[in-house]
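The structure appears right after this line, and notes come after that.
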Amino acid sequence: MMHPKNISIADYTYILPNEKIAAFPLQQRDESKLLIYKNGSIEQDIYKNIASYLPEKSLLIFNDTKVIPARVLFKKPTGGIIEIFCLEPYETVNEYNSIMQKKERVRWKCLIGGAAKWKEGNLEKELIINNEKTIIKVSLIEKLADAYVAEFSWQPAHFSFAEIIQFAGETPLPPYIKRKADDNDKERYQTIYAKFDGSVAAPTAGLHFTDDIFSSLSIKNITTDYVTLHVGAGTFKPVKATTMEGHEMHTEWIDVNSDTIQNILNNLQNNIVATGTTSLRTIESLYWLGVKTIINPAIESDDLVIHQWDVYDELLNKIKYASTEALSSLLQWMQKNKYQQLITKTQILIAPGYQFKVAKALITNFHQPNSTLLLLVAAAINDDWKKIYIYALENDFRFLSYGDGSLLFIAPQ
């Protein structure tokens, strides 16, 4: 099997006409089309009926991250607009939510539209929050290779950054949706179970789920659980290098409690279904984190992370540990170190050649050409990714974040 470093992204592209990209969500979430792929065959339905295609006793894993209004507009004294897109906290933190609860000031890694026109000084924005006049200031701290560091400060200082961004920001629609966000997007570019602030892009596979779907899952004895992966703007980053060796995978925060890991461990003999690529990347990362605790039981929490090529490393693959061994070891490491929550970073790259350890199926939307997400789909169903994308294009499926989706049963490996 070819090492993923040698994969040519040119082999993972297709023509996506602009008219196939969904600019708006459907009126009803669960009326979106659903493509079902299993054992090489394809059929279609709508999301409302997804439970009928899932085996009884399946465990569905959802990502309960919440999209923050990450796009903040400031007006210069001269009248020009500076757009600041918050990507991720710049400060070192061992708990993501603590950044969202910070008061008075905070530093974020940002993209800045019109940065060349912002030479120096603070930009200000005045808002009314809970009947209080609030002044928000932003200043440039540092220019990075691919972004900027900006410091936000505000008065009154008793508001949290989560409150500030909620009132000051706009919904960060993906760059391929060529329109301004409206009030409807505040609700629809968010899953109904979103809980923890932190994402700048929605875990879009979950956008189709409704209370009615959750009821139908329960009737069929299908259970659910939640992990948290805060989605960064890197999810839209195209692969520009000729081969994957030249592409740096984006890093994202994951937050999973020990009860959820135990639940996954208890259900390994059943069908574990990842709702979205972020959920999939999270639960597969758990396996490799567990392997690291087997190899080094004394590993420090700062070192318990997943780097881009870790899962293809000879040392980690020298012994083929069972999923039960890896997850049990991870739980033992957490108990030993008195952690109820596992909070760390993953840069896992799932590409053809990857052997799935936890997930048996994936619920996901249709992804952009030349993307790492398309590589992930290809890892799950091999070259049949071409067949399902051609089918979707020819059968009027809507693509990308507000589009339709699929239920893909991972090919036997």
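The length gained on full extension between Glu245 and Ala181, counted as 0.36 nm times the residue separation minus their Cα-Cα distance, comes to 19.5 nm.
I'd like the accessible area for Met100: 1.4 Å probe, protein heavy atoms, all chains in place, Å² to the nearest 10. For Met100, the solvent-accessible surface is approximately 0 Å².
In this calculation the C-beta distance from Gln413 to Ile295 is compared with R0 = 30 Å, giving a FRET efficiency of 0.85.
Among Gly114, Gly169, Gly276, which one shows the biggest mean-square fluctuation in a GNM of the chain, springs joining Cα atoms closer than 10 Å? Judging by the Gaussian network model, the answer is Gly114. Surface analysis of region 260-372 yields an accessible area of 39 Å² per residue, using protein heavy atoms and a 1.4 Å probe.
Compute the length gained on full extension between Glu19 and Leu127: take 0.36 nm times their separation in residues and subtract their Cα-Cα distance, giving the result in nm to one decimal. Mind showing how you got there, number by number?
Values: separation 108, 0.36 × 108 = 38.88 nm, distance 3.79 nm.
Result for the pair: 35.1 nm of gain on full extension.
Of all DSSP-defined beta bridges confined to the chain, some 75% are antiparallel rather than parallel. Helices in the chain that qualify as membrane-span-like (whole DSSP H runs, Cα extent of at least 24 Å along the helix axis, mean Kyte-Doolittle hydropathy of -1.0 or higher) are 277-295. What residues from region 152-183 fall in the zone where the backbone N is under 19 Å from a label point 7 Å along the Cα-to-C-beta line of Glu104? Only 152-165 pass the distance filter. Taking the accessible area of region 212-260, probe 1.4 Å, and keeping the other protein chains in place, the carbon and sulfur fraction comes to 46%.
Per residue, region 145-230 exposes 41 Å² of accessible surface when a 1.4 Å probe is rolled over the protein heavy atoms with every protein chain present. Once the GluC sites (Glu not before Pro) in DSSP loops with at most 10 neighbouring Cβ atoms within 10 Å are cut out of the chain, the longest remaining piece is 121-299.
Computed packing ranks the peptides 155-161, 374-380, 289-295 as 374-380, 289-295, 155-161, most packed first, by mean other Cβ atoms within 10 Å. Spin-label model, Lys137/Gln166: points 7 Å from Cα along the beta carbon direction are separated by 2.5 nm. Which of the aspartates and glutamates could a cross-linker bridge to Lys318, judged by Cα under 14 Å and excluding same-chain residues fewer than eight apart? Here the aspartates and glutamates satisfying the reach criterion relative to Lys318 are Asp310.
Solvent exposure of Ser52, expressed as accessible area, is near 80 Å², computed with a probe of 1.4 Å over the protein chains only. Each residue of region 131-142 was assigned a 3J(HN,Hα) from its phi angle through the Karplus curve 6.51 cos²θ - 1.76 cosθ + 1.60 (θ = phi - 60°); the sequence is 6, 10, 5, 10, 10, 10, 10, 9, 9, 7, 9, 7 Hz, with glycine and proline shown as x. Counted residue by residue at 0.36 nm each, then reduced by the alpha carbon distance between them, the extension gain from Phe196 to Lys237 reaches 12.4 nm. Only protein heavy atoms count here; on that basis, with a 1.4 Å probe, Arg107 has an accessible area of about 90 Å². Modelled spin labels at Ser218 and Lys320, positioned 7 Å past Cα toward Cβ, are 4.1 nm from each other. Put simply, the amide H of Tyr14, placed in the peptide plane, has neighbours under 5 Å in Asn370, leaving out anything fewer than 5 places away on its chain.
Each label was represented as a point 7 Å from its Cα along the Cα-to-Cβ direction; for Lys57 and Glu31 these points are 3.8 nm apart. With 25 Å as the limit on Cα-Cα distance, the pairs of Lys75/Lys178; Lys117/Lys137; Lys180/Lys237; Lys66/Lys292; Lys20/Lys109 that go past it are Lys66/Lys292; Lys20/Lys109.
The values are calculated or read from the model by the stated rules, or taken from the named source; none is laboratory data. The model shown is predicted, which means the values in this text are computed figures rather than measured ones. Don't worry about glycine lacking a Cβ; one is built from the backbone with ideal geometry, like all the others, and counts go over all protein chains shown. Ligands, DNA and RNA are stripped out before the accessible areas are found, and what is left, the full protein with its side chains, is counted by its heavy atoms. Shrake-Rupley method; radii C 1.70, N 1.55, O 1.52, S 1.80 Å.
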